[in-house]
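The values are calculated or read from the model by the stated rules, or taken from the named source; none is laboratory data. This is a predicted model, so every value here is computed, not measured. Because the Cβ atoms are built from the backbone with ideal geometry, glycine has one as well, and the counts that use them run over all protein chains shown.
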Amino acid sequence: MLRQFRAGDDSATPSPWSIVGRWTSTTPDGVDTLNIRLDGSFDRAKDGESGKWTLSGVQDHLVLTLGWDNFPQTTLTLVKDNQFRGATRKGEMVLDRKPPVTDFDNAAETPQPPKTGAAAAPDKSGGVGPLGLRQGWAHRQR
């Protein structure tokens with residue numbers, strides 16, 4: 001049985017595991033970061049090549065399809081926790097999930113400070129921000 005999930009599909013039951021996030025992409029051309037977004041888009045960090053993704057359940061495994069804007073489609077299969085493998089036009093592509101950024105001093109991305117004042121959205125998380133940090137912490141404790 002095949003069940004296909006697309007970004008924004010309200011009929012899909014949420015799961016703790018998600019394809020959305022930063023993945024290390026290894027191909028014969030080298031290593032790069034693949035950013036997979038909730039809106040169904042993805043891009044490579046180095047050159048910005050992008051496209052749309054779909055995730056399908058086929059029997060007992062997940063299949064990730066990358067529909068590139070400028071390249072042939074790539075189909076990858078989940079082979080173990082947080083690793084997909086598949087064929088590309090030049091050889092094999094391996095996607096490994098990158099761990100979440102926890103060391104802000106050495107992170108490539110700069111986290112944005114929380115909004116303050118009248119423009120701030122109400123905190124509905126019990127004081128815990130999107131990265132699991134207490135609101136108001138400007139830096140990690142040493």
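Residues of the range 50-76 that are in contact (Cβ under 8 Å) with a residue 12 or more places away in the chain and not in a strand (DSSP E or B): Q59, D69, N70, F71, P72. When we screen D105, D9 for residues that are modelled with pLDDT under 90 and part of a helix (DSSP H, G or I), the only hit is D105. Would it be correct to say that V79 is among the aliphatic types (A, V, I, L, M), at pLDDT 50 or above and assigned to a loop (DSSP other than H, G, I, E, B)? Criteria not met by V79.
Taking the criterion of being more than 18 Å from R22 (Cα to Cα) and of a type in the set (G, A, S), the only residue of the range 68-90 that qualifies is A87. I'm checking my understanding of the structure. Among residues of the range 86-95 that are crowded, with 16+ Cβ neighbours inside 10 Å and at pLDDT 95 or above, which one is nearest to the chain's Cα centre (by Cα)? For the range 86-95, the residue satisfying everything is L95.
The number of residues in the range 36-58 being over 15 Å from Q73 (Cα atoms), in contact with a strand residue (DSSP E or B) (Cβ under 7 Å, 6 or more places away or on another chain) and at pLDDT below 95 comes to 4.
Filtered by the rule that a residue be hydrophobic (A, V, I, L, M, F, W, C) and in a loop (DSSP other than H, G, I, E, B), the range 21-49 gives L38, A45.
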